Structures are given as C-alpha cells and as structure tokens.
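As structure tokens, the structure follows; a few thoughts come after it.
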Amino acid sequence: MSVIRKVREVEKVFADLEKEMNILRHSSGLHCVAGCGKCCFKPEIEASPVEFLPYALHLLRNEKIEEVYDKLLQNTSTQCTLFSPVWGSDMKGACSEYPYRGLICRLFGYAASRGMDGEAKLVTCRIIKEGQSSIVAKIEADLKEDKASVPLMSDYYFRIRSIDPDLGTKLLPINKAIQTALEVVMSYYAYRDAPSSEE
Ligand code: SF4
C-alpha cells in the first residue's frame, strides 16, 4: 500500500473517531479544561509510527521534514516533541501540531476500554473525574447498562494496526514513533516526486 493510501486510511480512522467523540461530548457535556495540557506532560507516551504518517507527509509537502527530523535526532527528552508547555506550569500547555496528534492523544479522556470482566470503563484523567464527577458517573452507569455511545480504544487500535500490520503494531515512545514515521516517508519519497497537496 502506498504512503498516500496509508495516510488517507489513518485520516479516515481519525475522522470516524472525531465523529464518535463529538456525539459523546454533545450528549454528555464531557470536556477537557480549557488550556489544560496535563496529559501531554506524561513522559514516554506510547504511539505507533502509522499514526504520524499524516504528520510526516504534511512536513514533506511543506519541505520541513528534514529540519524537523534533525531536531528530533537531537532531542533526548522523553516528553513529546510536539508539546508546548506553558512556562512555569505543570499543567498548562498545548499541542503544536494538534490536527496531527496521535491516536492516544485523541482517545484519552473520551474513550472506554474493556476490563478483564469484559465491562467497558471510561478512560479519563483525574482532572475530569474530579471536576466533572456527575457527568463521569452518568457515563459509567450508562456503560454498565450498555446505553452509552463511547468510542472503544481496542476498536481504533485494531483499525490502525490493520493499515500497516508491521508499523501499526509497534508501540514506541512517542518521539521515536514520530521519528520512524518521518523516516518511512523520507525513504519512500527518496526516489519519487513529493505528492502535491491535491494528491
Ligand atoms: S502529539 Fe500533541 S497531544 Fe499528543 S502528546 Fe504530543 S503534544 Fe500532546
């Protein structure tokens, strides 16, 4: 499968997820606190390179891929390279490439995972649990009765793995996943013309 095809498949997965999450947000009122970047402070967030193929292609099209790649090679931090924390805060910050963020970045806070007992449980952060406890309790109760429409993490990881069973099953520290995605796109287009923005 060509890189372009894989990128389109990833974008489709992200678009479907966004639709499902919007249904949950609008029906429950569940929301991230404005300006909060707490989850991005976590070191060694894991992602697969497939999730960042759209980002890598975007950089290629804008002739920025080598510059970003060189910066990544010098970056020894375990914190996500795309994260822009607010100086002096351990909670505030933003994703510098929000449209190209990874799968876990989209799922966390608004998705469910099945426990050993097979029951789906909402996976969300302490800030949401404490600040929106009645909303979270209602979603949990609805999940128990199979009444809630909450994206299931396993469904989306399965779809991402299916796009490229090799790259899609590799869960790497996020900076390594981004670096690998850039390497895949750079080597694929080493002897091919870069795709135009229309392609
Ligand atoms: S890709 Fe963006 S949202 Fe995901 S961890 Fe990095 S900064 Fe946060």
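Tabulated data for the structure shown
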item	result
Which of 191, 100, 152, positive extreme of dipole for the range 86-199 (C-beta unit charges)	152
Accessible surface of the range 126-199 [probe 1.4 Å, protein heavy atoms]: carbon and sulfur percent	53 percent
Separation of the residue 71 and residue 171 label points, Cα + 7 Å toward Cβ, nm	2.8 nm
Between helix 133-144 and the chain: long-axis angle, C-alpha atoms, 0 to 90°, nearest 10	90 degrees
Listed peptides 6-14, 45-53 by packing density, highest first (mean Cβ within 10 Å)	45-53, 6-14
The range 30-52 residues near the modelled residue 91 label - backbone nitrogen below 17 Å, point 7 Å along Cα→Cβ	31-42
Principal-axis tilt of helix 3-28 within the chain, Cα atoms, nearest 10 degrees	20 degrees
The chain - Kirkwood radius from inverse mean 1/r over Cα pairs (Å)	18.0 Å
The chain - accessible surface per residue (Å², probe 1.4 Å)	56 Å²
Carbon and sulfur %, accessible surface of the range 1-111 computed with the full protein complex present, 1.4 Å	55 percent
Relative contact order of the chain, pairs being alpha-carbon contacts under 8 Å that are 6 or more residues apart, as %	35 percent
HN-Hα J in Hz across the range 110-125 - Karplus 6.51, -1.76, 1.60, θ = phi - 60°, x for Gly and Pro	10, 9, 10, 10, 8, x, 4, 7, x, 7, 7, 10, 5, 9, 9, 8
Debye log10 I(q)/I(0) for the range 113-199, one point scatterer per Cα, at q = 0.11, 0.17 Å⁻¹	-0.55, -0.88
Per-pair calculated FRET efficiency, R0 = 22 Å: residue 81 and residue 26 via Cβ, rounded to 0.05	0.10
Helical contribution to [θ] at 222 nm, DSSP H n ≥ 4, -39,500 (n - 2.57), averaged over the chain, rounded to 500	-14500 deg cm²/dmol
Where only alpha carbons of the range 1-89 are counted, the Rg and the Dmax (Å)	16.0, 45
Net lengthening on full extension, residue 15/residue 142 (0.36 nm per residue, minus Cα-Cα)	43.3 nm
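The values are calculated or read from the model by the stated rules, or taken from the named source; none is laboratory data. Keep in mind the model is a prediction, meaning the values are calculated, not measured. In this analysis, Cβ positions are derived from the backbone assuming ideal geometry, glycine residues included, and neighbour counts consider all displayed protein chains. Each accessible area value is taken on the protein alone, full model and side chains, heavy atoms only, with ligands, DNA and RNA left out. Shrake-Rupley method; radii C 1.70, N 1.55, O 1.52, S 1.80 Å.
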